[in-house]
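The values are calculated or read from the model by the stated rules, or taken from the named source; none is laboratory data. Since we're looking at a predicted model, the values are computed, not measured. We place every Cβ from the backbone using ideal geometry, glycine too, and count neighbours over all the protein chains shown. Remember, those area values only see protein heavy atoms, side chains included, never the ligands or the DNA or RNA. Shrake-Rupley method; radii C 1.70, N 1.55, O 1.52, S 1.80 Å.
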Amino acid sequence: MKILIAGDWHSELHEEAVYQALLQLGHKPLRFAWHEYFRPQGSLSKLGLPLLKAQNKYMFGPVVDCLNRDIISRIEKEQPELVFVYRGSHIYPETLHRMREVAPQAILVGYNNDDPFSPLYPKWKWRHFLAGVPEYDLVLAYRVHNIEEFKAVGAKRVELLRSWFIPERNYPIELSEDERKRFECDVVFIGHYEDDGRLACLEEIARRGWRLRIFGPGYEWNPILRRSDLLHEYMPVNLVWGRDYNRALCGARVALCFFSKLNRDTYTRRCFEIPSSGTVLMSEYSDDLAGMFEPDEEAIYFRDTQELLMKLNSLLVDDLKIKKIAAAGVRRVWSDRHDVISRMRDMVAWVDNIVKDAK
């Protein structure tokens with residue numbers, strides 16, 4: 001199947017992961033990346049940068065108009081059987097309608113890993129995406145609670161497509177001596193900062209003397225840690241990508257997971273990446289996640305800082321239990337097919353059903 005994948009394409013974990021998985025499944029994926037439209041070009045690039053940033057942020061203006069025209073032209077030329085729009089914040093609803101006119105055989109699929117219904121986002125953030133929902137043949141919800149919300153704004157068909165781990169990126173490894181110096185610890189947290197209590201959790205872990213490592217966007221974490229008596233020594237916080245991200249997970253005995261309150265998450269991508277790396281997942285509790293990983297057997301859950309500390313205190317003195325839970329987590333992510341290839345196989349099956357129903 002010829003499949004055009006459209007998206008910002010700034011990360012290898014999202015659109016590129018979809019592209020590679022579909023390639024491995026024997027399809028013919030094509031890329032349409034719109035982040036390139038907002039890169040300054042030529043001698044006046046510095047002067048034009050603020051204007052480009054404004055158009056990209058607020059999704060309006062001649063550059064956004066141009067990318068919408070270009071994707072229509074690309075679809076008209078390629079005549080794909082499927083158009084997969086990843087997080088279509090910049091795609092106008094009339095563009096989706098026009099896609100159907102220039103390639104009537106194409107099934108239009110929309111997916112968004114953010115929560116476009118969250119009241120914490122400004123209303124303008126998802127205006128194009130939500131207005132375009134009725135144009136898609138299939139909308140893929142990242143969260144269970146988004147399913148009915150998509151139907152309420154006119155989605156023809158909605159399926160749950162959770163995030164994933166990437167087998168080539170997330171797997172158990174033995175660290176070298178130099179890598180252990182960089183990554184070995186009792187507890188690791190990899191992620192962004194939110195003012196939701198995660199700082200207090202990390203401070204209490206440090207207070208008790210457990211070996212802690214923090215990785216994430218420094219521009220968020222460093223100003224916060226600078227004011228923390230317990231965590232300022234962990235500066236500077238840096239991002240880890242690719243193999244270093246996997247090494248950072250594999251170097252820890254336990255990896256923490258906090259949910260984004262901005263996106264009203266009940267699970268997140270790291271809930272699959274952490275177990276697949278052979279490290280114990282210790283996450284905020286949700287009924288949703290507890291239905292995927294058996295509590296205290298395949299993952300550890302906490303509801304507040306005190307429960308987190310109590311469970312860490314018990315777990316970190318029991319190497320056998322750590323190994324048992326980690327091994328069970330690996331088995332679970334594979335047996336329940338939480339890898340990206342399985343996710344894309346499901347997506348293609350839903351599209352095939354739509355095609356069959358139309359005949």
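A few comments on the model shown:
- Test result for Lys356, over 27 Å from Gly209 (Cα atoms), in contact with an Asp or Glu (Cβ under 7 Å, 6 or more places away or on another chain) and open to solvent by 40 Å² or more (accessible area, probe 1.4 Å): no
- Here segment 218-258 is the region considered, the condition is being in contact (Cβ under 8 Å) with a residue 40 or more places away in the chain and part of a loop (DSSP other than H, G, I, E, B), and the residue that is farthest from Val317 (Cα to Cα) is Val240.
- Checking each residue in segment 65-81 for being touching a residue at least 40 places away in the same chain (Cβ under 8 Å) and closer than 12 Å to Leu96 by Cα picks out Ile71, Ile75.
- Residues located in segment 100-126, provided they are of a type in the set (Lys, Arg) and in contact (Cβ under 8 Å) with a residue 24 or more places away in the chain: Arg100, Lys125
- Across segment 324-353, the number of residues qualifying as closer than 24 Å to Phe84 by Cα and not charged (D, E, K, R) comes to 11.
- The set of residues in segment 10-52 being at pLDDT 95 or above, among the aliphatic types (A, V, I, L, M) and in a helix (DSSP H, G or I) consists of Ala17, Val18, Ala21, Leu22, Leu23.
- Residue within segment 316-332 that is closer than 20 Å to Glu204 by Cα and outside any loop (DSSP other than H, G, I, E, B) present: no
- Residue in segment 53-62 that is buried (at least 22 other Cβ atoms within 10 Å of the Cβ) and either closer than 23 Å to Glu159 by Cα or in contact (Cβ under 8 Å) with a residue 24 or more places away in the chain (or both) present: no
- Under the condition of being under 26 Å from the mean Cα position of the chain (by Cα) and closer than 19 Å to Gly110 by Cα, the residues counted in segment 52-79 number 5.
- Here is the figure for segment 301-338: residues that are among the β-branched types (Val, Ile, Thr) and either farther than 22 Å from Ile173 by Cβ or modelled with pLDDT under 95 (or both) total 2.
- Inter-residue pairs, beta-carbon under 8 Å, first crowded, with 20+ Cβ neighbours inside 10 Å and in segment 2-20, second β-branched (Val, Ile, Thr) and part of a helix (DSSP H, G or I), 6+ apart: Leu4/Ile75; Ile5/Val18; Ala6/Ile71; Ala17/Val340; Val18/Val340
- In the set (1) surrounded by fewer than 21 Cβ atoms within 10 Å (Cβ to Cβ); (2) in contact (Cβ under 8 Å) with a residue 60 or more places away in the chain, the condition left unmet by Phe165 is number (1).
- Within segment 278-306, residues that are in a helix (DSSP H, G or I) have Cβ atoms under 8 Å from residues that are among the small types (Gly, Ala, Ser) and open to solvent by 30 Å² or more (accessible area, probe 1.4 Å) in these pairs: Thr305/Gly197; Thr305/Ala200, counting only partners at least 6 apart in sequence or on another chain.
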